[in-house]
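Data first, discussion second: the structure below is written as structure tokens.
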Amino acid sequence: MDRASDAHALMSAGRMNCAQAVLIAYCEEFGLERRLALKLAQGFGGGMGRMGGICGAVTGGYMVLGLAQKMRDDNPRQSLDRTYELVREFNQRFKALHGSVICKELIGYDLSTTEGLAEARNKKIFTTVCPDFVSDSVKILGVMIQPA
């Protein structure tokens, strides 16, 4: 299975959130311990703590883009500026596929409300719709990140 399919399967299984599934797909490549990655990304699901903001599959992508940058001790700002450029490009690519990077716009439910969360769970959005966002995020990263 490829990285995008693996991430899709992790999300479909319902064992982690979207940001975690994207970050986990790149743990080995960047030497990030899996448990640490799961802990690091756990607050980003549901559009940042189920607030419906930027999709966790997108913020997971941002984390991976940061990990992919080489940092120079004499000019750490250079890595930061490059990461910001890549985040903007990632957003454009994701929006081109899905029309938005905002969780509640993508899934059609406001997870910040009890009713919205219950409806999304009842409709199995997290295991049927969100895995495609995760997979697409990983595919975008595959195009954007050049092998070392």
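Every read-out reported here was derived from the displayed coordinates using simple, explicitly stated rules and does not represent laboratory data. All values derive from a computational prediction rather than experimental measurement. Neighbour counts are summed over all protein chains in view; Cβ atoms, including those assigned to glycine, are modelled from backbone coordinates with ideal geometry.
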- line: In whole µm²/s, the translational diffusion coefficient that Stokes-Einstein assigns to the chain, given a Kirkwood hydrodynamic radius over C-alpha pairs, 10 °C and 1.306 mPa s, equals 104 µm²/s
field: trypsin sites (Lys or Arg not before Pro) within region 57-130, DSSP loop, no more than 14 other Cβ atoms inside 10 Å
entry: Lys70, Arg72, Lys123, Lys124
- request: Run the quick spin-label model on Ala9 and Leu40: label points 7 Å from Cα toward the beta carbon, then report their separation in nm to one decimal.
  value: 2.3 nm
- prompt: Roughly how many Å is it from the Cα centre of region 13-28 to that of region 93-148, as a whole number?
  reply: 13 Å
- request: Please give the residues of region 1-35, grouped as numeric ranges, whose backbone N is less than 15 Å from a label point set 7 Å along the Cα-to-Cβ vector of Thr128.
  value: 12-14
query: Do any trypsin sites (Lys or Arg not before Pro) in region 10-45 lie in a loop, going by DSSP, with at most 15 other beta-carbon atoms within 10 Å of their beta carbon, and if so which?
result: Arg15
